[in-house]
Amino acid sequence: VLVLFETAAGYAIFKVLNEKKLQEVDSLWKEFETPEKANKIVKLKHFEKFQDTTEALADYGYSPQCDSHGR
């Protein structure tokens, strides 16, 4: 299973190493409390960095012509 994760810097694709942990959704956050724990659950396969701030904001639907509420 692959997981897509978006950050302010770009997109990351992770491979899930332990799918059983994904079934424990109520406590899943505990598996990511430290980098060491997270490395046991997922492995980074690819990271696509945004070219610049404009590209990053465009992915969120932001336009400089919009007001502060995104309208």
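Which FRET efficiency value, to the nearest 0.05, do you get for Glu24 and Lys45 by plugging their Cβ-Cβ distance into 1/(1 + (r/R0)^6) with R0 = 30 Å? For Glu24 and Lys45, the calculated efficiency is 0.85.
Only protein heavy atoms count here; under a 1.4 Å probe, Lys20 has an accessible surface of about 150 Å². Here's how it looks for Gly10: its modeled amide H is under 5 Å from those of Phe50, which are all 5 or more places away or on a different chain.
For a Förster distance of 22 Å, can you work out the FRET efficiency between the beta-carbons of Ala8 and Glu33, rounded to the nearest 0.05?
Values: r = 21 Å, r/R0 = 0.95.
Efficiency, from the Cβ-Cβ distance: 0.55.
Computed on protein heavy atoms with a 1.4 Å probe, the accessible areas place Ile41, Ile13 in the order Ile13, Ile41, largest first.
The values are calculated or read from the model by the stated rules, or taken from the named source; none is laboratory data. What you see is a predicted model, and the numbers here were worked out from it, not measured in a lab. FYI the Cβ positions are ideal-geometry reconstructions off the backbone, even for glycines, and counts take in every protein chain you see. In case anyone asks, the SASA skips ligands and DNA or RNA and just uses the protein heavy atoms, side chains included. Shrake-Rupley method; radii C 1.70, N 1.55, O 1.52, S 1.80 Å.
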